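Inspection log for the structure reproduced underneath, given as structure tokens.
The values are calculated or read from the model by the stated rules, or taken from the named source; none is laboratory data. It should be emphasised that the depicted structure is a prediction, and the values quoted were computed from it without experimental measurement. With ideal geometry, Cβ positions are generated from the backbone for all residues, glycine too; neighbour counts draw on all protein chains shown. Heads up: the accessible areas ignore ligands, DNA and RNA and are worked out on the full protein's heavy atoms, side chains in. Shrake-Rupley method; radii C 1.70, N 1.55, O 1.52, S 1.80 Å.
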Amino acid sequence: MKKWVIAIVVLAALAILYFTYNPAESELFPKCPFYALTGLKCPGCGSQRAIHYLFNGNIRGAFLVHPLLVLAIPYLLLAVYFEYMGGKSKYPLIRKRLFGVKACIIIFVIVLAYWILRNIFGW
Amino acid sequence: MALITCKECGAQISEFAEVCPSCGAPTSISKTPPKEENTQQAYQQPQQAGYTQNPELPPKSWLVESILVTILCCLPFGIVGIVNASKVESRWYAGDKAGAKRASEEAGRWTKIGFFSGLAFAFIYVLLVVLGAFNGFWDGYSHYY
């Protein structure tokens, strides 16, 4: 139980931090080492700004800096329901369809394609 | 996989057998867990709520956590997590339950490594900023993360 309290306090502090400050305008937020070294974006680039925009209700802004993160949210929420809120025992076949081997392979391909495409099109 | 000697009839049997195939006597496997589980416990792993005891369902694949690690910060670790998540599913439905459990542990390990290395990087970064190590370093630079 104590672990949960610490986790919630840390998450709440981070949420307030990312809600209040825009990572694009503050020096304090860590920058991507991959981008600093290569000048190319990684599949995680833009996540801090996207979280800032999402907390402020700016879905469009979040989409512009990290489209995959915004698109992944419904799927991730569904996955959390299936993994942690009893969905997997209730609907095991749907779980297998949505989060099985094929789903993992598709996610893998999407991440790699996103990595390449965002550097070509500047997403 | 090693062979052990059955205490009842002396036959050579698999160390994973729960009963001796030649005489039917139970082996010690139910009392002492197999070697593999001991080594996994040595890598201090808290009991995961996600490790299901339900025989119908595969062990926790860590797919959500792996995706989050990948698209939030630490690509290489997250990718290893996603690959292991697919191994959990494919091995489980191919009937290789022990293999699925191993892949599950591997997936969890890499996801945690990704998470904590990201955390450590952020912590060190903020420390360096506070100490003024980057003064002027990022000037005129549009940066991403």
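Descriptive notes on the structure:
- Of all the residues in the stretch B:109-127, those that are more than 10 Å from every other protein chain (Cβ to nearest Cβ) and of a type in the set (Ser, Thr, Tyr) number 2.
- Condition check for B:GLU65: at pLDDT 85 or above, surrounded by 14 or more Cβ atoms within 10 Å (Cβ to Cβ), farther than 17 Å from A:ILE105 by Cβ and touching a Ser or Thr at 6+ places or on another chain (Cβ under 7 Å): yes
- Among the residues of the stretch A:34-47, the one identified as over 17 Å from B:ILE79 (Cα atoms), in contact with a helix residue (DSSP H, G or I) (Cβ under 7 Å, 6 or more places away or on another chain) and within 7 Å of chain B (Cβ to nearest Cβ) is A:GLY46.
- Pairing residues of the stretch B:96-119 that are farther than 11 Å from B:TRP62 by Cβ with residues that are open to solvent by 20 Å² or more (accessible area, probe 1.4 Å) and not charged (D, E, K, R), at Cβ distances under 6 Å and at least 6 apart in sequence or on separate chains, gives B:ALA100/B:TRP92; B:ILE113/B:PHE77; B:GLY118/B:CYS73.
- The helices (runs of 4 or more DSSP H) found entirely in the stretch A:1-85 that carry 3 or more residues being buried (at least 21 other Cβ atoms within 10 Å of the Cβ) are A:47-55, A:67-84.
- In the stretch B:90-125, the qualifying residues are those that are part of a helix (DSSP H, G or I) and acidic (Asp, Glu), and the one that is farthest from B:GLU56 (Cα to Cα) is B:GLU106.
- Selection of first residues in the stretch A:99-113 that are more than 7 Å from chain B (Cβ to nearest Cβ) and of second residues that are of a type outside the set (Asp, Glu) and surrounded by 17 or more Cβ atoms within 10 Å (Cβ to Cβ), restricted to Cβ pairs under 8 Å at least 6 apart or on distinct chains, gives the following pairs, ordered by first then second residue: A:ALA103/B:LEU63; A:ILE110/A:LEU68.
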